[in-house]
1. How far is it, in nm, from the label point at A:Val212 to the one at B:Ala417 when both lie 7 Å from their Cα along the line to the Cβ?
2. Given the C-alpha centroids of the stretch A:291-330 and the stretch A:187-211, what is the distance between them in whole angstrom?
3. So how do B:Tyr380, A:Tyr228, B:Tyr148, A:Tyr105 line up by other beta-carbon neighbours within 10 Å, fewest first?
4. Quickly work out the A:Phe249-to-A:Val94 label distance, labels modelled 7 Å from Cα along the C-beta direction, and quote it in nm with one decimal.
5. If you rank B:Glu222, A:Glu183 by fewest surrounding Cβ atoms within 10 Å, what's the result?
6. Of B:Thr368, B:Ala394, B:Thr319, which is farthest along the charge dipole of the stretch B:277-406 in the positive direction, counting Lys and Arg as +1 and Asp and Glu as -1 at C-beta?
7. Based on the alpha carbon coordinates of the stretch A:73-224, what radius of gyration and maximum Cα-Cα distance (Dmax) apply, in Å?
8. Considering only DSSP beta bridges whose two residues both sit in the protein assembly as shown, what percent are antiparallel, to the nearest 5?
Amino acid sequence: MSTTATSPVPGPGKSGQGKSGQATPQPDTNHKPAQSGKPVTWKLPVTLAVLAVVAFIFFGLLGPQGSAKFGVSSGGDFFQLPAIEVPAFLSGIVLSVILLVLAGYALALKANRNRRPPRWLPAVFTVIFVVAFLIWVVGGARTPSISLAGLIAGSVTLAVPIVFGSLSGVLCERAGVVNIAIEGQLLGGAFTAALVASLTHNPYAGLLAAAVAGALVSMVLALFSIKYVVNQIIVGVVLNVLVSGLTGFLFSTVMQSDKAKYNSPGRLPIIDIPVLSGIPVIGPILFKQSVVGYLMYVAVIVIWIGLFKTKWGLRVRAVGEHPQAADTLGIKVNATRFWNVTLGGAVAGIGGSFFTLVAIDSFTKEISGGRGFIALAAMILGRWNPIGAFFAALLFGFADNLQSIVTIIGTPVPSQFMAMLPYVVTVFAVAGLVGRSRPPAADGIPYVKG
Amino acid sequence: MLRPYVPSGPRDSDTSRLVRVLKLELKGITKRFGSLVANDHIDVVVEPGQIHCLLGENGAGKSTLMNVLYGLYEPTEGEILVDGKPVTFRGPGDAMAAGIGMVHQHFMLIPVFTVAENVALGAETTKAGGFLNLDDTRRKIKEISDRYGFDVDPDALIEDLPVGVQQRVEIIKALVRDAKVLILDEPTAVLTPQDTEELLDIMRQLKSHGTSIVFISHKLREVKAVSDTITVIRRGKVVGTASPSSSTTELASMMVGRAVNLTLDKAPANPQERTFQVKDLTVIAPSGQHVVDNISFDIARGEILAIAGVQGNGQTELTEAILGLQDRVHGSILLDDEELVGRSVKDVLNAGVGFVPEDRSLDGLIGTFSIAENLILDRYDQAPFASGISMNPAKVLENAKTRIDEFDVRTPSGSLAAGTLSGGNQQKVVMARELSRPLRLFIASQPTRGVDVGSIEFLHKRIVAERDHGTPVMIVSTELDEVMELADRIAVLYKGKLVGIVPAGTGRDVLGLMMAGLSPESAHADTATKNQATTPADGRATAARPVQESTSGAAGANAVGENND
């Protein structure tokens, strides 16, 4: 079935009118559809309503009676803030009622005026929901107290490889190549970092090698998907399996044979910026990181500026949106794509080094544990935007971290349920509930001249 | 590199400025794709400051030639000369550097970029460190916009702009790159008649500013209106040059290679009872938009109703709704008092509806299937082609033979893949299939799009024959010429609404205004006043013409002051 004729309705437009000296009857200018572009659906309001009701029942009515205590400062801070203690039941009721009001507002907007809720609404809703959830979890725990600073710092730490992975995805897909191989790039980076750092006794050499390894994995993807026009998803999946098998094999044959020689990379030091790192909550996140952690912030900002403010970025985006148009303007489509995919691989490779040079100082099989796929979801949730992807990755890191903390403090919620959370969030994210997410138009479509 | 020199072409008074004007020569250009010769030793000389038209049918090789000139294809043989010097274009970049710009038939604009970003792309001005300097681009757009009266907002998103404005952005793109020769590939295909007139005026303005234009078209009226020289191309070869004063019939026969009868001989309609009725039909797109908005009409037996309108105003959805291809349809569609809404496509076809879809390669044919198989796609499961679960290939081939003869499909055999046929012959196959069973309604969408003139004649005759046979016929066409030729009544769609139904013989200008959303009454009134204002000597009464002349005068005055670097 053809659906070619739905979009732009060509009319007389601005031409003809206004220039005419005579009083021409205006050809139908008031017919400007209010819902230009994407339709307003019930999806978002209904989802919000369901979540709000769930929150009201569980966090509110069935909420714990005790209080929840959140530590804000950690021992090393240069000034101390008192811990926040809130009554769990009362705050559960209050917050879930706010959620119900927000959801009701969204429903009313759709029902009465057929409009989508304002942009801030889903964001505010999410934040309140998460806070209510936290209070509920902590309030019901055996030791109803957690360190907020620790929770957030841990989230950032867990998010680092996901951020790098999603940046890799952004770089590739903005140029029009689907990168399913992020997992393989992370794993390749992790393995190579461990091996090279062990052999050279220099973790920085490992870091560099990880970038090269990620780039090499990516070049295979680029070569097959761009030059030989193989289905990009298939190449990506095959690469993941290949890297997983290869590193697994080398791990058990080479690394295990002499662990001291081949698999003791040593860690990258944590660089503590004096004074600044003592700021409560945000200090440790921003100013007490390894090189990889700092590189993450730099990469997010540099890639964002690069994509949206520079000539390079304009061309990359053009290639991902309408390669033929780019070609007619003298831009080399496939070369641009090739180098972008390669660069993406290098970025993911650096992310992979986090596993073996920062988190743990050795390589094990499948050490990336599916974070490459979560990174893919973060990229979509972040709408193919480096900064969006960064925050989406943080969300996943948060869910991941919450799970381990909750297990420690002992809540009635089964830890398996907590372990599910990142994936539930992923499903919602990929289903596009969170808002308009439009991939680059030529994403995944090979460009063949002629 | 190119040396600037004083223009030799027709110019306005201001000759003190040094303007680069190119003379472009194509010598013996041959382009082969495998065994197919798309261009066969083509020689064309584009004189500076001229509008040079390449006239030819669809598939004659015009676009291939221009893609060669623009560096998108490498010629198999032959050379391109710019100001007498041979050049080789390895890509569009080289062509642009030499001063050649191209506006493609399908716009090469990125919908999610702004006008400024699109214009900047590939020729970006940057600040230190590779940062984009879009302000510079905005200034250039403003400058060109002012000079030609374009009225283009540099910060508008392309996807929000009407097609006519998008086309101007394409022209700006070329001008920003300092194009001295502008290639326009079938530029009027997507425009309303009014937009077309404005484009022709823009072309005249560009010419007066010293830009040469290569105008690719198969529409004789436009070609005659604007060209200085006409080169006619047929089957990849130059068959001659003509002057714009040649008659339409002369040009058409040069283009087709034999005498053609451009006017269809058709007896007056003999409408009988109105057996097909559409009542309050609304079709809702997945986007929630009412793409067909509460329209009602009917068609009598023995009558052709043509649905006119610019592409994308609900025609596709209307035909698909009748066929049962649309999901959210409200209202009623009655064929001999039988309700068609809510029925399956198969039911609708079996009720006696013949349907020629607008895109034959996408919806009309299966390219990899044989012609014979394509001819029975709608009846593969019925006798005599099938019995039980088995098919009867002999009957299928026999049927193919009959249809191929009857519809003059030019093919050595019915067992060839349908995709190998030319556009015209493919369309004949679709038409043959749909007309080969007794019909109670015949719908043809874009029946002759991309079809050679010879086949057009044939297809039109078949459509009229079906009408005379007593079938209600509905034609959907964005080609006003076709609508005016075939229709007994004309319905105009605009943004999903029925603007009005007017009798055949309604003027082109009135229809044009209706296609822009004006009701038939105000369209009539408007054109009546215009006709009084313009001198009929021009022969073309249009809304934009007199105004455009005054703007071009103003633009010329502007141009004196600005420096051209």
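FYI, it's all coordinate maths here, none of it is from the lab. Quick caveat, the model's predicted, so the values are computed rather than measured. Quick reminder, even Gly has a Cβ in these numbers, built from the backbone with ideal geometry, and neighbours come from all protein chains shown.
1. Computed distance between label sites A:Val212 and B:Ala417 equals 4.7 nm.
2. One Cα centre to the other: 27 Å.
3. Arranged by neighbour count, lowest to highest, B:Tyr380, A:Tyr228, B:Tyr148, A:Tyr105 become A:Tyr228, B:Tyr380, A:Tyr105, B:Tyr148.
4. About 6.1 nm, to one decimal.
5. B:Glu222, A:Glu183
6. Value: B:Ala394.
7. My reading of the Cα-based Rg and Dmax gives 22.9, 67 Å.
8. Expressed as a percentage, antiparallel bridges in the protein assembly as shown total about 60.
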